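Asker: I have a structure here, written as structure tokens, and I will follow up with some questions on it.
The values are calculated or read from the model by the stated rules, or taken from the named source; none is laboratory data. Please read all numbers here as calculations on a predicted model, not as lab measurements. Here the Cβ positions follow ideal geometry from the backbone for every residue, glycine too, while neighbour counts run over all protein chains shown. Quick note on the areas: whole protein, heavy atoms, side chains included, nothing else; ligands and nucleic acids left out. Shrake-Rupley method; radii C 1.70, N 1.55, O 1.52, S 1.80 Å.
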Amino acid sequence: MYEPEQLRTFLTVAQSLSFTQAGASLGVAQSTVSQHVRKLEQAVGRPLFLRDTRSVTLTAVGEAMAGFARSILAAHEEAVGYFTGSGLSGRLRFGVTDDLALTPVPRILRDFRQQYPRVDLELMVSQSEMLQRRVESGHLDVAFVKQPRGQQRGRLVRRDRLVWVSVAGAQLGRDRPVPLIVYQAPSITRSLGVQVLEQAGVPYRVRCTVRNVLGAAAAARAGLGLAIFARSLVPDDLVELPAAAGLPDLGEIDLVLLTKQRNASDAVEALIAAIIARTSDRGADWSHLDVSLRSPLYGRGNEPGPIRSGNRGLSYRE
């Protein structure tokens, strides 16, 4: 038997490679950390660390134990949650748009699964229109999506403003159409962006069509054009274009939770309450969102669109 407390201490040391830092992280004395590691090494029968007065390194056995320790602790926490958690059970099918999946939603789902281990939670990530259709057809129980302001469907979580976004240093020119980065149709932001440009008489060209938010961010970083983001979801390394750029205002958008059932199950209501509590205007801090390029889910290819006549374009300063 490997004691969970000793395994947690071991993993903390393995991460920091410092007994002192591990003790500070765990809120225990360094002597306690040393005692936990020593007892675990006795149980294993081999040293887990090589340490001297200057450094701490994992042995080959220690590297192997780190993997086993994570698995053991995950199984232990799952078992504890199952027998001590809520009595809620059943199947819950949840959908979320790819950009909202970069908010606190993943942490909310992880905590929900730990609190309600008997609920079989299924996740679908897609665009708002697809998720809405899945809710209406009964293939999803609840979905967290974007809607044009004021449609009054679902439960409003928060209201956000749409903004034009580009790589730092972008400037609008006067002799070319505005190059756009858009989602595949149907897309709310694509429709709204094209609509306001046409109403304002601003020429544009679709330079890049993407499948998800990572593709939009990658294309914007590459300087292919302007993307449209909700203001609270703009990646840290991209910038919102100011009003002085001369582009029409995109307006606001509603972030809502959609359900089909009039009397939602207790599990659905529990998830809705958790999302509202931690993503509403009052309860959420969405700064420093992880819109990175580490995911393989990129948009594929550039799809040229129609050129509208006019004299506005985009240029970049290095």
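Asker: Please go through the range 180-191 and give me each residue that is touching a Leu at 6+ places or on another chain (Cβ under 7 Å) and at pLDDT below 90, ordered by number.
Answerer: Within the range 180-191, just Thr189 meets the criteria.
Asker: For Val119, all conditions in the list (1) under 19 Å from Leu162 (Cα atoms); (2) of a type in the set (A, V, I, L, M); (3) at pLDDT below 90 hold save one; what is the number of the exception?
Answerer: (1)
Asker: A further question follows. Being assigned to a helix (DSSP H, G or I) and at pLDDT below 90 narrows it down to one of Leu271, Leu293, so name that one.
Answerer: Matching residue, one of Leu271, Leu293: Leu271.
Asker: Looking at (1) out of contact with any helix residue (DSSP H, G or I) (no Cβ under 8 Å at 6 or more places or on another chain); (2) closer than 20 Å to Leu102 by Cα; (3) surrounded by 17 or more Cβ atoms within 10 Å (Cβ to Cβ), which one does Glu252 not meet, given that it meets all the others?
Answerer: Glu252 satisfies all of (1) out of contact with any helix residue (DSSP H, G or I) (no Cβ under 8 Å at 6 or more places or on another chain); (2) closer than 20 Å to Leu102 by Cα; (3) surrounded by 17 or more Cβ atoms within 10 Å (Cβ to Cβ) except (3).
Asker: Can you list residue pairs whose Cβ atoms sit under 6 Å apart, with the first residue in the range 53-69 being touching a residue at least 60 places away in the same chain (Cβ under 8 Å) and within 17 Å of Ser16 (Cβ to Cβ) and the second being surrounded by 10 or more Cβ atoms within 10 Å (Cβ to Cβ) and among the polar types (S, T, N, Q)? Count only pairs 6 or more apart in sequence or on different chains.
Answerer: Short answer, once both residue conditions are applied: none.
Asker: What tally of residues in the range 232-249 results from selecting those that are more than 19 Å from Val194 (Cα to Cα), among the hydrophobic types (A, V, I, L, M, F, W, C) and open to solvent by 20 Å² or more (accessible area, probe 1.4 Å)?
Answerer: Residues flagged as more than 19 Å from Val194 (Cα to Cα), among the hydrophobic types (A, V, I, L, M, F, W, C) and open to solvent by 20 Å² or more (accessible area, probe 1.4 Å) within the range 232-249 amount to 3.
Asker: Can you list the strands (runs of 3 or more DSSP E) found entirely within the range 148-223 that contain at least 2 residues being under 29 Å from Thr279 (Cα atoms) and open to solvent by less than 60 Å² (accessible area, probe 1.4 Å)?
Answerer: 155-167, 178-183, 204-210
Asker: Further question on the same structure: Looking at Leu257 and the list (1) farther than 19 Å from Phe144 by Cα; (2) within 23 Å of the chain's Cα centre (by Cα), which single condition is not satisfied?
Answerer: Of (1) farther than 19 Å from Phe144 by Cα; (2) within 23 Å of the chain's Cα centre (by Cα), only one is false for Leu257: (1).
Asker: Looking only at the range 231-281, count how many residues are of a type in the set (Gly, Ala, Ser) and free of Cβ contacts under 8 Å to residues at least 24 places away in the same chain.
Answerer: Number satisfying all stated conditions: 4.
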